[in-house]
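First comes the structure, then the notes that go with it.
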Amino acid sequence: MKKKINILIGLGFLLFLLTPCKTSGQTISGAKERAYFVNMLTKIADPVLENLSKDQLKENMPVEKAVHPYGGREDVTHLEALGRTLAGMAPWLELGPDDTEEGKLREKYIRLALKGIKNAVDPDAKDYMNFTKGGQPLVDAAFLAEALIRAPNQLWERLDSSTQHNIIKEFKKTRDISPYYMNWLLFSATIEAALLKFEGKADMVRLEYALFKHDEWYLGDGIYGDGPDFHWDYYNSYVIQPMMLDILSVLKEKKEHLKHWVYKNKFINQGDVFLDRAQRYAAVQERLISPEGTFPPIGRSLAYRCGAFQLLSQIALKQQLPDNLNPAQVRSALYAVIKKQMEAPQTFDEMGWLTIGFYGHQKEIAEPYISTGSLYLCTAAFLVLGLPEQTLFWAAPSADWTQKSVWGGGEAPIDHAYYPNQLKKEEGWETVIDNDSFEDIRKFKANWNYFYPWGNDHNGSARMYRSQVKLENNSLHLKASPVAESEGKSSSPPHLAIKYRSGAIHAKHQIKISKEHPEYTVSGEFKAPTGQGTWPAFWLTAVDGWPPESDILEFKGDAINWQNTFITPNNVTTIKRTLKDASDNWHTYSVKLKYIDDEHTSIIYYIDGEQTGIHYTNFTNKPLWLIINLQMEGSSGEPGPNSETSYFARNVTVKRKLMNEDNN
């Protein structure tokens, strides 16, 4: 719950707040690396989206082919270019427009993409694309479907209803194409996942079959066969694991809709095993990148260039990198690969179109199915642009990736194979507040104080009273009641008139990340009111001044939970999640704070055990109060309710890790 209501929330495209550090022989910051990613991605995408938006793609796009090509490349290459370009751009576009330079640029490309998609599925357009002739359209309809899954708000919701209808129609046409018994099964499944997401129904057998077969084809240590056999290539990253993760994300999103689905337990409730495997493969991918930013030219489809690292980029985008991979080192590694490969001479022709090659123009490297449109899968390396700037991936100082460190005489971290069901021991953890602190008044008083740390007023229209705090059935009950008579104004800005009596408590223990206590976890279960004028919160705020602040739970008059991190009053990063049943059912809201260095701490947010995001902060060695309160009106709107409002908490815990040799 922020202390300053009027804030500026933005990405700050050219905000260089970090101290630059050395990488690959030059001084570069995360902000500059991000700007480079944006510039290179838009350079790649420009000719495709500019021409398609004008209904001129087929007219102007060259169709370069392999030395010995398959026939009919002219019939399929344009859908390749569209689907693959947008599959890589989608997470960046999904951030949406804002007033920053980057936000305005995103809006430009969102509009180009929307016009392009409209033309691609309009039977009357010159650029109307082939979704049925031959087998290849199944592949690239799937990449287009994946783009829509990755950017539903910007690339689906902003389409007109006629275009949405046409897309659904074209996707269903691909059901006439039989996929090969290999990774192609996932193309059919991805299209069905998009239909499930946007139409609410799908051919579940196509989807199930692809997932079951790939689970059967899992070979161990994070690798799947492409069909029954192992292939030395990058198809685990080009197609297999990214599409599996996107399909599984749709299934998880549709969990309630699929509550009677016979395979719900395997692919939804226990679906994390597929993420575990992907994390291992991402770790392997990071180790493949040489100190110079090169990687082994092994296997087929090498003309996809840096698209070989889609899975690494996707796991970073999901903020699910293995614990031993610093997101900043992955950023530095991807930057090195993209810069090395995409700046090679003759990678682009004189009109800006990609040419066939792995490093520059090398037509002989192309398989018969490769043509100009195929090459745009390289955009998949740019998925990480879907992360806001304040995340650890972009905000932390650059770091050496594994090979750069090893071959430079630095640290040489051990690598281990992945085995399922590995047990992670939690050693050296101390419970500061146990989950029974609301069991009785004695335990409550041992752990908590009444009111805010600074008094009983804050930035809403409620004043805090002990009488509004109750312990019931091992839970905390905060109750806001309308006042019968005027009680004046709040003593805290913006000095609203007091209209309610409510409750607040704060922990006696101050949370401080340091070398001595390098990790904290803070968690609790809550039933939070979501009506207009109600403002419940579970949050951390500075003991000395303000900010820092971390909002673990904050509802502001509706069903959207805000998880905010305040670095300064204007430097704020927010994660929003809608929980329609937040007031009726118990949900768990948690954070993990982890020491990075003597200035920086990462904050990992969770809801119901699912990670929602990671923020990069300057919170190290800054003591924080933990507060639970029910404020009213203010940022949650007015008028508030004219009857009593309740906010419930239970199983609130605080744990901290003690320093051990691994933290030195």
Cross-link pairs beyond the 31 Å C-alpha cut-off, checked among LYS252/LYS622; LYS318/LYS443; LYS512/LYS580; LYS489/LYS657; LYS32/LYS108; LYS264/LYS655: LYS252/LYS622; LYS318/LYS443; LYS512/LYS580; LYS489/LYS657; LYS264/LYS655
Exposure ranking of TYR234, TYR465 by accessible area [1.4 Å probe, largest first]: TYR465, TYR234
Net charge of neighbours whose Cβ lies under 11 Å from the Cβ of PHE538, counting Lys and Arg as +1 and Asp and Glu as -1: -3
Heavy-atom accessible area order for ARG106, ARG501, largest first, 1.4 Å probe: ARG501, ARG106
Total formal charge among the other residues, if their Cβ is under 15 angstrom from that of GLU199, Lys/Arg +1 and Asp/Glu -1: +3
Accessible area per residue in Å² at 1.4 Å probe, computed on segment 588-660: 36
Heavy-atom accessible area order for ASP124, ASP221, largest first, 1.4 Å probe: ASP124, ASP221
Between segment 566-590 and segment 492-513, the Cα center-to-center distance that results, in Å: 18
With DNA, RNA and ligands ignored, accessible area of GLU519 (1.4 Å probe; Å², nearest 10): 30
Computed [θ] at 222 nm, deg cm²/dmol, the chain (DSSP H ≥ 4; -39,500 (n - 2.57); rounded to nearest 500): -9500 deg cm²/dmol
With DNA, RNA and ligands ignored, accessible area of GLU199 (1.4 Å probe; Å², nearest 10): 70
For ASN561, distant residues with modelled amide H under 5 Å away: ARG577, THR578, LEU579
Distance between segment 148-213 and segment 119-145 - C-alpha centres, whole angstrom: 13
Accessible surface of GLU439 - all protein chains present, 1.4 Å probe, nearest 10 Å²: 90
Option label - Kirkwood radius over Cα pairs in Å computed here, alternatives (1) 35.0; (2) 25.7; (3) 26.5: (3)
Heavy-atom accessible surface of the chain: percent carbon and sulfur, 1.4 Å: 49
Span-rule helices in the chain, defined as complete DSSP H runs reaching 20 Å or more along the axis (Cα) with Kyte mean at least -0.5: 30-53, 73-94, 136-150, 185-199, 327-342
Net +/- balance of residues flanking GLN320 in space, Cβ distance below 11 Å, scoring K and R +1, D and E -1: -3
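The values are calculated or read from the model by the stated rules, or taken from the named source; none is laboratory data. What you see is a predicted model, and the numbers here were worked out from it, not measured in a lab. Here the Cβ is made from the backbone with ideal geometry for all residues, glycine too, and neighbour counts use every protein chain on show. Accessible surface is based on the protein model in full, side chains and every heavy atom, while ligands, DNA and RNA are left aside. Shrake-Rupley method; radii C 1.70, N 1.55, O 1.52, S 1.80 Å.
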